[in-house]
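Asker: Please see the structure below; I have some questions.
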Amino acid sequence: MIRVQEEDFDVGKEIDGLAPGNTSVGGVACFIGVVRDFVGDDKETGTAVGAITLEHYPGMTEQKLTAIEAEARQRWPLDGCLIIHRYGRLELGDRIVMVATAAAHRSDALDACQFLIDWLKTEAPFWKLEETETGGHWVDARAGDDHRAARWIKK
Amino acid sequence: MIRVQEEDFDVGKEIDGLAPGNTSVGGVACFIGVVRDFVGDDKETGTAVGAITLEHYPGMTEQKLTAIEAEARQRWPLDGCLIIHRYGRLELGDRIVMVATAAAHRSDALDACQFLIDWLKTEAPFWKLEETETGGHWVDARAGDDHRAARWIKK
Amino acid sequence: MKILYFAWLRTKTGVAEEDVTPPAEVGDVAALIEWLKGRGDGYAEALSDLSVVRVAVNQEYAGLDHPVGPDDEVALFPPVTGGKGR
Amino acid sequence: MKILYFAWLRTKTGVAEEDVTPPAEVGDVAALIEWLKGRGDGYAEALSDLSVVRVAVNQEYAGLDHPVGPDDEVALFPPVTGGKGR
């Protein structure tokens, strides 16, 4: 299940709704991305950031998220899988994205969750505008995320 | 922060309380272990299980969980870290354990979360009694979890 | 042909979405981009460095040699940065 | 010396916790286990296969050669299985 929305979401409720009544689930893994107050490796050397605005490509976003979910379900036996991605203007500390997976075995839930968030960051058509002291800046892509996602490429 | 308790917990509330007001957090990773209705690799070949009872070693449990949290905080720069482990009789679908980590960068939160749950399963003094059709059975340790935890041993 | 621009490509061209009718010889993404650069300074600037431009044709990522035709939706945007900034 | 038994070691010995006073020559975990086996059939059975018995002395995992004394808390239990059963 995927959702692209402007509104916030309730993490506990979303987790409870992953695979309701399915007692084959042994583990649930979850990742939540949050708007952070700096860009860079650490706070000391980084640039301060206020709010962000996430732009996306309506239609293609939903299609990509659906494809990423399908890929995860094909690789791991999942009892539940959820991707929620927000867009629009988001303040510091606001939730941006949530990925959650439910499976019989914890390794499947954890690996699928990592895979989903890594791919999301390289495949989903979102662009981030950061508000800093010097105005709004479009964030450049960095090699790090591609490397993380590349771990999942099947040899 | 660690907690060993008989009562259930509220996942959303626990995640919100991980690092309240800390806007350096960019990602939160979380794993929840749940009582599953079978033992074995999959439901078809496995043994049906009803409720379980988790016995633990009061005192040593808290000490081990505290040590595991300290180890995670030493390896990764975490803004928040939580382990909750329940004991006593638990029904199908009940939450058993929750691990959650908050960090500036998602890889730190995700890796620390995996580390915590892997180590918890091999280091924390809990023993599981499963109720099956033929009565209560103490679960044997299996090599799989040791192997997963061994990934984290520093060379 | 429908063209979409996102992020700084949108701010540089000043256009989010437009319908264009390139000449018949514009048959692939590379030719389309060359043709679009002639539409104004903002376009030329936005499309000057193709190493930082990504393309989707009908909502699928596509290369410069991907064919394009009158009924296609072509989107031009920077590499995605949904969670970037670390 | 305080001895604790958990899981099936507890059900086999029939005891969760007991205070014992082994003779002075019982100086390490191995000797203590040998001595405990003499306390009854349940004990002998519970401690017959040391490959499935783990030991903690004063709440720290310990090997068979770990010293033990009158003021120690010694726990005997199976390998931990908190989340096992997959």
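Asker: Sort shortest first the distances from D:Lys37 to its counterpart in every other copy, using label points 7 Å along the Cα-to-beta-carbon line, and give them in nm.
Answerer: 8.5
Asker: Output the pairs from B:Lys64/D:Lys12; D:Lys2/D:Lys37; A:Lys121/C:Lys37; A:Lys43/A:Lys64; A:Lys13/B:Lys13; B:Lys64/B:Lys121 with a Cα-Cα distance over 21 Å in this structure; if there are none, say none.
Answerer: Numbers: B:Lys64/D:Lys12 26 Å; D:Lys2/D:Lys37 16 Å; A:Lys121/C:Lys37 29 Å; A:Lys43/A:Lys64 32 Å; A:Lys13/B:Lys13 11 Å; B:Lys64/B:Lys121 11 Å.
Flagged as over cut-off: B:Lys64/D:Lys12; A:Lys121/C:Lys37; A:Lys43/A:Lys64.
Asker: Sort shortest first the distances from A:Ala48 to its counterpart in every other copy, using label points 7 Å along the Cα-to-beta-carbon line, and give them in nm.
Answerer: Label point to label point, same position, other copies: 6.3 nm.
Asker: Taking every residue in B:94-103, how many Cβ atoms of other protein chains lie within 10 Å of its Cβ, on average? Before the final figure, lay out each step's value.
Answerer: On the way: counts 1, 2, 4, 4, 1, 1, 2, 0, 2, 1.
Counting other chains' Cβ atoms within 10 Å and averaging over B:94-103 gives 2.
Asker: Rank B:Ala19, B:Ala48, B:Ala103 by mean-square fluctuation in a GNM of chain B with C-alpha springs under 10 angstrom and give only the top-ranked residue.
Answerer: B:Ala48
Asker: Against the longest principal axis of chain A, how steep is helix A:60-75, in degrees 0 to 90 to the nearest 10, with axes from Cα atoms?
Answerer: 40 degrees
Asker: Sum up the charges of everything whose Cβ sits under 11 Å from the Cβ of C:Met1, counting Lys and Arg as +1 and Asp and Glu as -1, but leave C:Met1 out.
Answerer: On the way: positive: C:Lys2; negative: C:Glu18, C:Asp19, C:Asp71, C:Asp72, C:Glu73.
Around C:Met1, the charge tally is -4.
Asker: Which of the peptides B:122-131, D:43-52 is most tightly packed, and how do the rest follow, going by the mean number of other Cβ atoms within 10 Å of each residue? Could the numbers behind the result be given before it?
Answerer: Numbers: B:122-131: 22.0, D:43-52: 14.6.
Result, highest mean first: B:122-131, D:43-52.
Asker: Hey, how many Å between the Cα centroid of the stretch B:45-65 and the Cα centroid of the stretch A:1-54?
Answerer: Each part reduced to its Cα centre gives a spacing of 30 Å.
Asker: Note the per residue figure in Å³ for the convex hull of the C-alpha positions in the protein assembly as shown. Let's see the in-between values first.
Answerer: Working: hull volume 79.7 nm³, N = 482.
Taking the convex hull of the Cα positions in the protein assembly as shown, it is 165 Å³ per residue.
Asker: Please report, for D:Glu17, the nm distances (one decimal) from its label point, 7 Å out from Cα along the beta-carbon direction, to the equivalent points in the remaining copies, shortest first.
Answerer: Distances between equivalent label points, in nm: 7.0.
Asker: Once you order the gyration tensor axes a ≥ b ≥ c over the Cα atoms, which shape class does the stretch C:1-64 get: rounded for a/c under 1.5, otherwise prolate or oblate by comparing a/b with b/c? Numbers along the way, then the final one.
Answerer: On the way: a/c = 1.31, a/b = 1.15, b/c = 1.14.
Judged from the Cα gyration tensor, the stretch C:1-64 comes out rounded (a/c under 1.5).
Asker: For the Cα atoms of chain B, what angle does the longest principal axis make with the long axis of helix B:106-123, in degrees from 0 to 90, nearest 10?
Answerer: Long axis of B:106-123 versus the principal axis of chain B: about 40 degrees.
Asker: Right, something else. Would you work out the relative contact order for chain A, in percent, from Cα pairs under 8 angstrom that are 6 or more residues apart? Display every interim value, and only then the final one.
Answerer: Values: 282 pairs, mean separation 49.3, N = 155.
Relative contact order comes out at 32 percent.
Throughout, read-outs are computed from the coordinates displayed, never taken from laboratory work. Every value quoted in this text rests on a predicted model; they were computed, and no experiment measured them. Here Cβ is always computed from backbone atoms with ideal geometry, including for glycine, and neighbour counts include all displayed protein chains.
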